[in-house]
Amino acid sequence: MGSKTVVMNLPEHELPRPKVALGIQSDAAFTEAAKGLRGRDLASISDLTVQEMAAVMELAHAVKAHPEDFRHALDAKQMVLIFEKASLRTRLTFEAAINTCGGNAIFVDQTHSVLGERESLADVAHNLERWMDVIVLRTYAHDTVTEIGDNAKVPVVNALSDWEHPCQALADFFTLEERFGSCEGLKFTYVGDGNNVCHSLMLAGALLGAHVTVATPKGYEPDLEIIHKAIASAEQTGGSIQLTHDAAKAVTGADAVYTDVCISMGQENEATKRTPIFRPYQVNEGLMTQAAEHAVFMHCLPAHRGQEVTDVVLDSAQSIVFDQAENRMHAQKALLLMLLGGAKRIPRDRGLNGKRRKSLA
Ligand code: CP
Ligand code: NVA
């Protein structure tokens, strides 16, 4: 790893402080963020500023609490989903999100050939932009997302690539905001492979002022580029990024413990090699006892039960995996509203949505 890390087990008064305002403070701040996001791509969480991330979160709370207020916000908008890999949650939550705002989804099963094989990615983009208002891609190569994004005049959204899964991270931190009131100062621990999901979680946690700790086996750390970007954001927000190979240490005192599969889609031929390496990183009852008493367990799903997580943890009262799955829809609805226009501010009633995290300290 060799990268700068920030030690987070500091006394409260020595913890880093935000240098920028966190959360949305006014209608004007929300409007500015929404204006900035309109027409943009979301290939990576690092495409978002601190304020834009906060605005997406605030809108996600609004659309979940007041879905009827957005029933016609995307009337007649056309969204295409082109997926090179399997999906349950991402496909259905994107479809439900746009359908319930008056728009329409068209699904293209791209699992039998790679995008760009039949015609160039630029030509694909120049066709799609003539019919579609937004393009949602699930790909092997991240470059496929950025190349279509660079060529299409309409927004392009990464619905999972080998580099990131930004929509997952939006939903996950939205779920944590619901649970804890705010992610500022939240101790968030990811255990497992430094993969696409891990990358987006690090970047999102840092933008929201969380203390993110990542425990991976040696050789499976997140990419240095992501680490540097996440640290740069954390320095703005008062969050921190810590990397370790010690799962028990990483989980100690955590508010949230997250894991993902250790064999991602496309890595099936590495199963024999990876399985024993990741065995010590399994999230089980023993590991969860290290976390805070109020800690939640998280997983993007699908889970490989008995591998990266045990049934007992996944099915426990601490597990919020199905809240995460539900919130994919609300968070993506907020994202689509931002990118396509139709966003409006309905300030969040924190009193109804959950207690402030400080009350748990
Ligand atoms: N978490 C997630 O992206 O699920 P799917 O692969 O089912 O879309
Ligand atoms: N890391 C996993 C996430 C699946 C939602 C994969 O890429 O297969």
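Since every read-out is calculated from the coordinates, none of them should be taken as a lab result. Keep in mind the model is a prediction, meaning the values are calculated, not measured. When we count neighbours, we look across all protein chains shown, and the Cβ atoms used for this are built from the backbone with ideal geometry, even at glycine.
Just flag the trypsin sites (Lys or Arg not before Pro) in region 192-267 sitting in loop per DSSP whose Cβ has no more than 13 other Cβ atoms within 10 Å.
LYS218
Would you pull out the residues with amide H under 5 Å of SER319's amide H, same chain only if 5 or more places away, H placed 1.01 Å from N?
Those qualifying (amide H under 5 Å, at least 5 residues apart or on another chain) are PHE297.
Rg to Rh ratio, the chain, alpha-carbon atoms and Kirkwood radius?
Value, to two decimals: 0.95.
Strictly over 32 Å apart at the Cα level, which of LYS85/LYS273; LYS64/LYS249; LYS249/LYS333; LYS153/LYS333; LYS77/LYS187 would you flag in this model?
Working: LYS85/LYS273 22 Å; LYS64/LYS249 36 Å; LYS249/LYS333 37 Å; LYS153/LYS333 21 Å; LYS77/LYS187 39 Å.
Correct reply: LYS64/LYS249; LYS249/LYS333; LYS77/LYS187.
Using a Gaussian network model of the chain with C-alpha springs under 10 Å, which one of GLN267, GLN242, GLN318 is most mobile by mean-square fluctuation?
Of GLN267, GLN242, GLN318, the most mobile in the Gaussian network model is GLN267.
By counting other Cβ atoms within 10 Å of each Cβ, how are GLU293, GLU164 ranked from fewest to most?
If I rank by nearby Cβ atoms, fewest first, I get GLU293, GLU164.
Counting helices only, and only those DSSP H runs with n ≥ 4, report the 222 nm mean residue ellipticity of the chain as the sum of -39,500 (n - 2.57) divided by its residues, in deg cm²/dmol to the nearest 500.
Values: 14 runs with 145 residues, N = 361.
Per the formula, -12000 deg cm²/dmol.
Would you work out if region 183-311 is rounded, prolate or oblate? Take a ≥ b ≥ c from the square roots of the eigenvalues of the alpha-carbon gyration tensor; rounded if a/c is under 1.5, else prolate when a/b is larger than b/c, oblate otherwise.
Oblate shape, in that a/c is at least 1.5 and b/c is the bigger or equal ratio.
Note down the Stokes-Einstein diffusion coefficient of region 34-114 in µm²/s, whole number, using a Kirkwood radius over alpha carbon pairs, 4 °C, and 1.567 mPa s.
90
Mind sorting PHE188, PHE322 by how few other Cβ atoms lie within 10 Å of their own Cβ, fewest first?
Going from least to most buried by this count: PHE322, PHE188.
Pick out which of ALA295, ALA317, ALA76 has the largest mean-square fluctuation in a Gaussian network model of the chain, springs linking Cα atoms closer than 10 Å.
Per the Cα network of the chain with a 10 Å cutoff, ALA317 tops the list.
Please list, short to long, the whole-number percent of alpha-carbon pairs of region 225-274 in consecutive 5 angstrom bins beginning at zero.
All Cα pairs considered, the percentages come to 4, 15, 16, 16, 23, 15, 8, 3, 0.
Rounded, prolate or oblate: which fits region 154-224 when a ≥ b ≥ c are the square roots of the eigenvalues of the alpha-carbon gyration tensor, with rounded for a/c under 1.5 and prolate only if a/b beats b/c?
Verdict is oblate for region 154-224.
In vacuum, with every alpha carbon of region 192-240 counted as one equal point scatterer, what does the Debye formula give for log10 I(q)/I(0) at q = 0.15, 0.16, 0.25, 0.32 Å⁻¹? Two decimals, please.
Rounded to two decimals, the profile gives -0.32, -0.37, -0.83, -1.18.
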